[in-house]
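A quick write-up on the structure given underneath.
The values are calculated or read from the model by the stated rules, or taken from the named source; none is laboratory data. Here the structure is a predicted model, which means the values were calculated and not measured. Here the Cβ positions follow ideal geometry from the backbone for every residue, glycine too, while neighbour counts run over all protein chains shown.
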Amino acid sequence: MAPHAPKASSEPKGLEGVIALHTDICDIDGQKGELIYRGYDIDDLARNCTFEDIAWLLWQGDLPSEAERRQLALQLSTERPLPPMVRELMSMTPEDADPMAFLRTGVSTLALYDGEAEDMSAEANYRKAVRLTAQIPVMLTGFDRARNGLPALRSRPDLSTASNFLYLLHGEEPGEQAVRIFDACLILHAEHGLNASTFAGRVIGATLSDMYSAISGAVGALKGPLHGGANLRVMEMLSEIDRTGADPRQWVLDRLSRKERVMGFGHRVYKTLDPRAAILREMSESLADEAGNRKWYDMSLAIMQTMEKEKGLYPNVDFFSASVYGTLGIPMDLFTPIFAMARVTGWSAHLLEQWADNRLIRPRAAYSGPRDKRVDR
């Protein structure tokens with residue numbers, strides 16, 4: 001017999017508004033449209049820093065010096081090569097496999113070849129955070145090339161995380177604007193408070209399980225369509241409009257008349273413009289001009305203007321990241337794995353914070369079932 005739905009209660013559903021823990025990593029003000037990493041506003045960081053700077057900031061608490069920046073770049077470059085078994089896994093994975101399922105399996109497999117996997121010292125856990133940040137992009141590009149019958153390329157030590165990913169994916173060095181905006185995308189997706197995947201990771205970490213288990217769990221949570229995958233659905237929407245030759249404005253009006261949702265608008269936290277969307281909108285136009293392909297940007301702009309006029313709704317970060325990734329020639333089913341590729345820095349920062357002052361996360365559930373039943377046989 002299928003379980004019945006629990007009775008309604010006064011407790012907030014989905015723990016909405018509940019303070020589960022305190023953190024020094026990130027703060028979000030949904031009313032003001034404000035996002036802060038370690039005290040720095042996201043607009044300032046996205047315009048003036050690199051993804052590597054942000055990784056250091058999230059892990060260490062402040063932006064790196066020039067010497068620390070060089071140190072982290074060397075560490076990331078050194079840790080990029082994958083264990084042979086993981087490289088073999090890429091070639092053995094079915095062509096139609098979900099990339100997030102591959103990533104979840106790949107992260108677990110990495111643990112088998114890390115001699116420090118069970119070392120819970122702060123120093124070893126930091127090195128594992130660096131290792132995962134270095135290796136996940138290589139796994140994703142290797143997986144994509146393998147399913148397309150192409151050999152995996154060797155990482156280039158002179159390239160940043162963003163430029164190396166695009167190089168490994170396409171086999172050619174990307175343009176300046178492509179690297180800059182993709183780097184900004186990684187910065188904007190690196191951290192976002194106690195979201196579902198971060199909370200899942202911290203719950204696992206609080207049991208004193210290892211980092212690979214916690215990150216695998218976070219990847220599993222991100223795989224769910226109510227968390228990750230929103231930018232994929234935005235791109236599917238744009239592709240449908242393009243395929244049918246519809247006018248974007250009329251397509252939106254028709255959708256709204258049927259009371260159907262337009263993807264990429266609204267956010268569980270932000271009650272005003274998502275600050276990350278504003279940054280991406282500005283940067284994506286320059287990318288479109290460099291690529292000589294304004295199709296996705298112009299279409300997105302028309303949809304945005306129509307939604308603002310008709311519904312007073314503003315885009316979230318997923319809306320413009322979809323058109324950016326489309327312009328960069330990134331396959332749609334890699335959009336959510338790229339989210340994970342960036343967010344692993346935030347996930348691991350939360351784990352380092354959790355383990356610095358650990359307590360098992362064990363909330364209670366309010367029971368709403370029956371009582372006083374008796375066995376009748």
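Condition check: touching a Lys or Arg at 6+ places or on another chain (Cβ under 9 Å), within 22 Å of Y325 (Cβ to Cβ) and of a type in the set (G, A, S). Does G224 satisfy that? No: the conditions fail for G224.
From the list A97, A129, which one is closer than 22 Å to V219 by Cα, surrounded by fewer than 16 Cβ atoms within 10 Å (Cβ to Cβ) and in contact (Cβ under 8 Å) with a residue 12 or more places away in the chain? First the steps, then the outcome.
Working: A129 fails: surrounded by fewer than 16 Cβ atoms within 10 Å (Cβ to Cβ).
It is A97.
Just one of the listed residues (R359, R343, R276) is charged (D, E, K, R) and surrounded by fewer than 24 Cβ atoms within 10 Å (Cβ to Cβ), namely R359. Across segment 301-317, the number of residues qualifying as crowded, with 18+ Cβ neighbours inside 10 Å and closer than 14 Å to H267 by Cβ comes to 5.
Among all positions in segment 362-373, there is at least one residue which is in contact with a helix residue (DSSP H, G or I) (Cβ under 9 Å, 6 or more places away or on another chain), over 29 Å from S163 (Cβ atoms) and in a loop (DSSP other than H, G, I, E, B).
Scanning segment 178-203 for residues that are aliphatic (A, V, I, L, M), in contact with a Ser or Thr (Cβ under 6 Å, 6 or more places away or on another chain) and in a helix (DSSP H, G or I) yields a count of 1.
If you check L169, L188, L150, which single one turns out to be assigned by TED's automatic domain parsing to the domain that holds L76 and surrounded by fewer than 18 Cβ atoms within 10 Å (Cβ to Cβ)? Can you show your working first?
Values: L169 fails: surrounded by fewer than 18 Cβ atoms within 10 Å (Cβ to Cβ); L188 fails: surrounded by fewer than 18 Cβ atoms within 10 Å (Cβ to Cβ).
That would be L150, the only listed residue that is assigned by TED's automatic domain parsing to the domain that holds L76 and surrounded by fewer than 18 Cβ atoms within 10 Å (Cβ to Cβ).
List the pairs whose first member sits in segment 222-243 and is among the polar types (S, T, N, Q), whose second member is modelled with pLDDT of 85 or more and surrounded by fewer than 20 Cβ atoms within 10 Å (Cβ to Cβ), and whose Cβ atoms are under 9 Å apart, counting only residues at least 6 apart or on separate chains? Hits for this filter: N231/M332; S239/M332. Among the residues of segment 118-128, count how many are hydrophobic (A, V, I, L, M, F, W, C) and not in a helix (DSSP H, G or I). The number of residues fulfilling the criteria is 1. Summed over segment 239-289, the residues that are among the charged types (D, E, K, R) and either modelled with pLDDT under 85 or under 25 Å from the mean Cα position of the chain (by Cα) (or both) give a count of 9.
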